[in-house]
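A short worksheet on the structure shown next.
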Amino acid sequence: MKIKPLRDAKHGPPARRYRHFAMTWGGIVGGCLISASLAMAAETATRPPQAQQALERGFQMAQQSQWPLAIRYFRQAQSAMPTDGAILFNLALAHNKASGHELVAMAWYQAFLALEPDAKTAPQIHKRITDIEVAAEIQIQRLLTTAHQAAGQITNSAEAAPAFDRIARAEAESGDLAAAERTVAKVGNAARSAWALAQIAAAYAHAGNLDRALSQAGAIKAVAAKSWALADISAAIAKRGDFARAVKTTEGIGLGFEKAWAVSRVAALQARAGDIAGARALIEGIANDKPGPRAIVLAALARKQSKTDLPWAADSAKSLLAEAVTAAGSIVNVGERAGVFSQIARAYAELGDTANAEEILTRMADGPNLYLGRHAVAKAEGAFAKAAAYYWSALAAKGEGNAQINDIENLLRLVQGQAPAQVAISLAQAAEERARFLRELRTVP
């Protein structure tokens with residue numbers, strides 16, 4: 001099947017005319033073939049020079065089938081022009097051609113479709129996305145089957161335990177809880193199965209079976225694993241509006257940092273539901289040395305207050321956000337700080353303070369959290385197509401940074417000749433990461 005290049009600006013942003021590569025689909029990977037005559041942008045003046053230069057260099061690398069280099073240059077162009085349809089499309093194509101990058105390609109395709117849902121290529125792209133999902137599920141099952149085969153060869157129970165634990169975690173992430181429980185029973189040691197039990201408990205919570213989730217979490221002996229599970233479960237309970245039960249669940253969390261984040265998630269959901277007093281009470285329980293969780297709740301309170309008609313609401317919201325910015329500025333971890341700043345930017349945007357929202361975004365490096373911040377700002381401004389493109393770009397950027405979801409065929413080659421325990425763990429880790437990423441890709445923004 002051959003997809004013809006787009007030839008005008010009908011499906012693109014105003015005053016921008018561009019054409020895409022021609023491509024041919026085929027095989028389970030669905031490779032793309034760059035045409036001999038590259039369809040470059042008809043008007044390059046609409047792009048900054050650095051974006052246009054990177055795009056042209058990407059074309060040159062694609063002509064030579066140098067897909068990693070093509071991806072690098074298309075990504076540079078995308079960083080400069082994050083909502084340029086031509087760039088997004090060709091970035092998706094390059095990932096699609098690169099070995100093992102199909103899930104990342106899927107995210108970039110979705111970003112393109114968010115901007116150009118009526119593109120002539122849309123039906124073929126939708127089919128390609130479906131094909132990628134099917135192939136990914138088959139691949140995850142293949143990884144788990146091979147991991148089980150490797151674990152079955154382990155004769156030492158001490159070596160087998162961590163392998164079965166990791167396989168059970170992957171099965172839980174893939175949604176096969178019955179298989180996960182059968183596998184975790186093979187671990188034979190409660191301490192060694194703690195993280196698998198935590199993963200299973202969290203999966204039950206996400207599926208809505210909260211009683212089963214709490215029962216599973218109660219059987220966990222290790223403090224760190226139990227704390228992680230209860231934090232996830234408390235958020236799932238809060239999402240269903242049962243804040244009293246959610247708060248009670250956080251009381252069983254033994255790790256201070258995990259508890260602070262759990263309380264912040266519950267309080268933020270409580271604020272969004274309109275229970276300002278309840279959220280304010282919870283924030284008092286978050287220590288000052290946990291600036292990230294405190295800032296998240298402050299931003300949520302500001303967002304809720306910005307939606308009221310009270311004359312003092314805007315000033316109160318701005319005061320809360322100023323406090324949130326100060327708290328976020330003291331966060332040491334770069335990734336955590338970026339995630340918090342994205343929530344603060346969203347609150348400023350919903351308050352109608354675009355200038356401060358944009359200023360917050362300038363503090364963030366290119367990556368998933370920056371795109372999530374842009375997503376929130378665009379959504380608050382009513383630019384829903386652009387917001388969706390940013391959401392998918394965040395997922396794509398996240399996938400690009402995770403080596404375990406890329407090039408599984410190479411992973412299978414690398415584990416040849418390794419000890420069965422290492423093979424089982426490596427393959428199960430890859431299955432878990434791919435299952436998690438596939439679940440995120442199936443989430444509608």
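Calculated on the alpha-carbon coordinates, the convex hull of region 59-137 measures out at 82 cubic angstrom per residue.
Dipole orientation for region 65-203: of the candidates 122, 177, 188, 188 has the Cα lying most toward the positive pole (charges on Cβ; Lys, Arg +1; Asp, Glu -1). For the chain, the Kirkwood estimate of the hydrodynamic radius, built from every pair of different alpha carbons, is 23.7 Å.
Taking every Cα-Cα distance in region 125-174 and sorting them into 5 Å bins from zero, the calculated P(r) comes out as 5, 19, 22, 18, 12, 9, 7, 4, 2, 1 percent. Considering helices alone, the calculated mean residue ellipticity of the chain at 222 nm is -22000 deg cm²/dmol, with DSSP H runs of length four and up weighted by -39500 (n - 2.57) and normalised per residue. Note on region 195-304: dipole from Cβ charges, positive end direction compared against 266, 223, 213; the farthest Cα belongs to 266. With K and R counted +1 and D and E -1, the other residues having a Cβ less than 10 Å from that of residue 73 yield a net charge of +2.
Evaluated with a Cβ-only charge set (Lys, Arg +1; Asp, Glu -1), the chain carries a dipole of roughly 480 debye about its Cα centre, given to the nearest 20. The calculated FRET efficiency for the pair residue 239 and residue 141, based on their C-beta separation and a Förster distance of 41 Å, comes to about 0.90.
Across the alpha-carbon set of region 38-182, the Rg to Rh ratio works out to 1.16, Rh being the Kirkwood radius.
Of the trypsin sites (Lys or Arg not before Pro) found in region 134-230, those that fall in a DSSP loop while having at most 14 other beta-carbon atoms within 10 Å are 221. For region 278-368, the dipole from Cβ point charges (+1 on Lys and Arg, -1 on Asp and Glu) about the Cα centre works out to 220 debye, to the nearest 20.
The residues of the chain expose on average 44 square angstrom of accessible surface per residue, using a 1.4 Å probe on protein heavy atoms.
Computed over region 322-403, the P(r) curve from all C-alpha pair distances, binned at 10 Å from the origin, holds 21, 51, 25, 3 percent per bin. Solvent-accessible area of residue 138, all protein chains in place: 100 Å² (probe radius 1.4 Å, heavy atoms, ligands and nucleic acids excluded). The relative contact order of the chain, computed from alpha carbon pairs under 8 Å that lie at least 6 residues apart in sequence, is 14 percent. In this view, the solvent-accessible surface of residue 126, computed with a 1.4 Å probe and all protein chains in place, comes to about 100 Å².
With viscosity set to 1.567 mPa s at 4 °C, what whole-number translational diffusion coefficient in µm²/s follows for region 114-242 from Stokes-Einstein and a Kirkwood radius over Cα pairs? For these conditions, the coefficient is 79 µm²/s. Accessible surface of region 103-230, 1.4 Å probe: 50 percent of it comes from carbon and sulfur atoms.
The values are calculated or read from the model by the stated rules, or taken from the named source; none is laboratory data. Please read these numbers as outputs of a predicted model, since none were measured by experiment. Using ideal geometry, Cβ is built from the backbone for each residue, glycine included, and neighbour counts are taken over all protein chains shown. What goes into the accessible areas is simple: the full protein's heavy atoms, side chains included, and nothing from ligands, DNA or RNA. Shrake-Rupley method; radii C 1.70, N 1.55, O 1.52, S 1.80 Å.
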